[in-house]
There are 2 protein chains.
Amino acid sequence: MAQSSSLKLGIAGLGTVGAGVVRLLEKHADLVAARAGRRLVVAAVSARDKRKDRGLDLAGVRWFADPVALAEDSEVDIVVELIGGAEGAARATVEAALAKGKPVVTANKALMAHHGTALARLAEERGAPLAFEAAVAGGIPVIKALREGLAANQVTRVYGILNGTCNYILSTMRETGREFAEVLAEAQKLGYAEADPAFDIDGIDAAHKLALLTSLAFGTEVDLAGVSVEGIRHVSSLDIAYAAELGYRIKLLGVARVTEHGIEQRVHPTMVPIGTPIAHVEGVYNAVVVEGDFAGRVVLQGRGAGAEPTASAVVADLIDVAAGRAVPTFTVPAHALKRIPAAPMERHTGAYYVRLMVVDKPGVIADIAAALRDERVSMEAMIQRGRAPGEAVPVVLTTHDTDEAAMRRALGTIGRLATVLEEPRMIRIEHL
Amino acid sequence: MAQSSSLKLGIAGLGTVGAGVVRLLEKHADLVAARAGRRLVVAAVSARDKRKDRGLDLAGVRWFADPVALAEDSEVDIVVELIGGAEGAARATVEAALAKGKPVVTANKALMAHHGTALARLAEERGAPLAFEAAVAGGIPVIKALREGLAANQVTRVYGILNGTCNYILSTMRETGREFAEVLAEAQKLGYAEADPAFDIDGIDAAHKLALLTSLAFGTEVDLAGVSVEGIRHVSSLDIAYAAELGYRIKLLGVARVTEHGIEQRVHPTMVPIGTPIAHVEGVYNAVVVEGDFAGRVVLQGRGAGAEPTASAVVADLIDVAAGRAVPTFTVPAHALKRIPAAPMERHTGAYYVRLMVVDKPGVIADIAAALRDERVSMEAMIQRGRAPGEAVPVVLTTHDTDEAAMRRALGTIGRLATVLEEPRMIRIEHL
């Protein structure tokens, strides 16, 4: 690849993001060339249906039915993988390109979360850059910030709002007081949630992204299996209202830090103090917070999804590759990535919010308090409002820092009390 | 510089930041080596007083009384300029290093704002990188975000809270209801403001940083003279209270955008809507917002000053230089930087907040409204509260978008009314 000649891109996958990348490269051809030092030309594309109208001018662009053939074609200099999915065509395409020593730019979080370490090794063996800025938090250059901008720091914690669908649902529940199912249905109508929403609302998408951030922040192998995941299906409007009263907002947070028990990676509904920047990230916006021992707390927020923000990230990677700026895929060389055991969730230490539905009669609180005391769980606050003698009323409490294992045992005991009518609801509180 | 050998740093300036850089490089020697691909060794330092105790172990480090001699020394591979100031020793040191073809990392915003274009040209002629992440917003990797992470975007506007001293003062005024002079005195006692605070509170420091952001965002020559600057001395607690009532907070904002009249660069107290991320950036924190045509609005916030955050930025640059990742100083090659005329402030179009102290008697509002009407300034809201017939009361109004020139003429007319007792106060409102 002579420094002044143009670079020929092969784009595998022409869905929303693929079409966005083609449009960006067309609209900003000169700007991109000025910043990359050479022209980037879409030379080949691959997608399932050749006849589908995508509103793109693909005259003169070679068409491949098979993305692996595109990746291996000698006229393609850089492969852009936008097929999606952890296996199948996406994986085969990336592996084929890297095996040929070709740079790969991908937006595929599932692929990188499942196979990131192995792909990084393959990339290094073949001397081919593997870049994936678009895989985490869309248009926010968070991978670059972690890997380069904050490279002089020991990261103490990284956390973020990593799924726009969940943040939209939780924000809308708070603003309207409506329940989860109703807001989800509306989000599906508006196109903010998929017909099958499980991937988003059960926290899997956020877990993929968190696993990647963890590896970048701590120089560890990608460990998706080590992420503890809990989605937002069980968050009720009652909890959101109590959160506000207690000075919190509920966000689906991904959090990673190194503890004495190993690397803790967790995705769950989280109470975040109202005074923190992340509490004010609403709607479909994403945010990532990096705590570095020298830089302090750095917050990045922006659009985490969509054709245009994702295209922005893909082309930023392409510019780096074209300009010859190489960075190891996960901050340090793949062979130097550490393997640190996952800290089990039972060993987590933190504060908790608990909501119980109890029969309003004397002695209930004393039984609950005794169950907590027996597990050495220290209460911070308790709210019992709305008296209705003999009927079900909510009791809400927050705790000081405690072990998750003790908390779970206490909730088991409390759940078995005859006066406690529903499964206790527990939401973790994060000190920020 | 063989790829595997260590790199010898010459650090010119051992003030707060210089000492922070030395400490970081010592504490994180292994981490930095892993990410840079080679060891960074402090080989030489230069400062005024050799005997001063800085709490640093400088055994084995060569001492230069003259930083230019340090820059030219054949045993120094990279020069880190932390002297400060637009001229004198700092400028001479950077020029000497670049003339020798040595990479330079600097935290010097004044130097870069005054001489950035010329230094970028010199750096390119000699093939030496010139990096200055630490010059803007301390520990926040905002230069990297603009120059690389968002490189695929046409930036439509860049703005930010660029001076922690001013943000601390304005935040404290809002929280306590106290006046500027009192809060400034307290900030000086706490070390958040200098004994001579003019550089910060008159907006000069923010103007330096804005001029650099403008160049990075729009690919233009650095044009410090083109920045319109207004500090925070005239912001009163009354205005802050009215801002809150109208749904705004007052921030010292630096804003740059391309208009039909040229590049608009301005630093002034600004009303920002309470619902925007930047409104919630409080205390000494800084924030930069980049609006890109593909990425959308990206917000970066964190610590904008201090030894440790600044050291984080300096060493991030050193890692990039050591790893051979070269980026043109201002996004595109220096010879390709555009020269776009500065848009005069009179041509600015926007909304305005105005506070008048008037005699509370019939007809006052009619006279004010007539003066606005005559200049085709359209009122959006008006508040006249606290009746005190015959005495001075505040009248506050906001306008729809209008030309600054028309606004100034209207305020001139209003200021000359017999019923208007003080110079009208005007604060610009930014649509975010």
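Quick notes on this one:
- Helical runs (DSSP H, four residues minimum) scored at -39500 (n - 2.57) apiece and divided by the length of chain B put the mean residue ellipticity at 222 nm at -10500 deg cm²/dmol.
- Debye intensity ratio I(q)/I(0), log10, the range B:34-111, q values 0.10, 0.19, 0.23 Å⁻¹ (C-alpha model): -0.24, -0.85, -1.15
- One Cα centroid belongs to the range B:257-295, the other to the range B:318-333; the line between them spans 26 Å.
- Averaged over the residues of peptide B:320-328, the number of Cβ atoms from other protein chains lying within 10 Å of each residue's Cβ is 4.
- B:Val358 long-range amide H proximity, modeled H, under 5 Å: B:Val393, B:Val395, B:Leu421
- Fraction of C-alpha pairs exceeding 22 angstrom in the range B:348-429: 16 percent, rounded to a whole number.
- Both numbers refer to the Cα atoms of the range A:117-198; Rg and Dmax are 18.1, 54 Å.
- Peptide B:139-148, shielding by other chains (average Cβ, 10 Å cutoff): 6
- Count of Lys pairs (Cα-Cα under 20 Å; at least 8 positions apart or interchain) in chain A: 8
- Principal semi-axes in Å for the range B:231-289 [√(5λ), Cα gyration tensor, largest first]: 22, 14, 12
- The H on the amide N of B:Arg62, modeled in the peptide plane, is under 5 Å from the matching H of B:Ala44, B:Val45, each at least 5 residues off or on a different chain.
- Restricting the GluC sites (Glu not before Pro) of the range B:147-241 to loop positions (DSSP other than H, G, I, E, B) with no more than 15 neighbouring Cβ atoms within 10 Å leaves B:Glu179, B:Glu194.
- Sequence-ordered 3J(HN,Hα) estimates for the range A:93-106 from the Karplus curve with 6.51, -1.76 and 1.60 and θ = phi - 60° stand at 5, 5, 4, 5, 5, 5, 4, 7, x, 8, x, 10, 10, 9 Hz, glycine and proline given as x.
- For the range A:1-131, Kirkwood radius (reciprocal of mean inverse C-alpha pair distance, Å): 14.8
- Net charge of Cβ neighbours under 14 Å - reference A:Arg355; Lys, Arg +1; Asp, Glu -1: -1
- The modelled label-to-label distance between A:Leu58 and B:Glu26, using points 7 Å beyond Cα along the C-beta direction, is 6.0 nm.
- Sequence-ordered 3J(HN,Hα) estimates for the range B:393-399 from the Karplus curve with 6.51, -1.76 and 1.60 and θ = phi - 60° stand at 9, x, 10, 10, 9, 10, 10 Hz, glycine and proline given as x.
- Shielding of A:288-295 by partner chains, average beta-carbon count, 10 Å: 6
- Shape box of chain A [Cα atoms, principal axes, largest first, Å]: 81, 45, 34
- Annotation: average projected area of the protein assembly as shown is 39.9 square nanometres, based on the convex hull of Cα atoms across all directions.
- Label distances, nm, A:Ala241 versus same residue in remaining copies, Cβ-directed 7 Å point: 3.5
- Our estimate of slack between B:Glu125 and B:Ile274, defined as 0.36 nm per intervening residue step minus the Cα-Cα distance, is 48.9 nm.
- FRET efficiency estimate (nearest 0.05) - Cβ-Cβ, B:Ala241 to B:Asp401, R0 25 angstrom: 0.50
- Of the peptides A:399-409, A:270-280, A:133-143, the ranking by mean beta-carbon count within 10 Å, highest at the top, reads A:133-143, A:270-280, A:399-409.
- Convex hull of the range A:142-303 built on C-alpha atoms - directionally averaged projected area, nm²: 9.4
- Size of electric dipole in the protein assembly as shown: Cβ of Lys, Arg +1 and of Asp, Glu -1, about Cα centre, debye, nearest 20: 680
- Applying the Karplus relation 6.51 cos²θ - 1.76 cosθ + 1.60 with θ = phi - 60° to the range B:386-391 yields 3J(HN,Hα) values of x, 5, 7, x, x, 10 Hz, where x marks Gly and Pro.
We did not get these values from a lab; they are worked out from the coordinates using the rules stated. Worth saying up front: this structure is predicted, and the values here are computed from it rather than measured. Cβ atoms come from the backbone with ideal geometry, glycine included; neighbour counts cover every protein chain shown.
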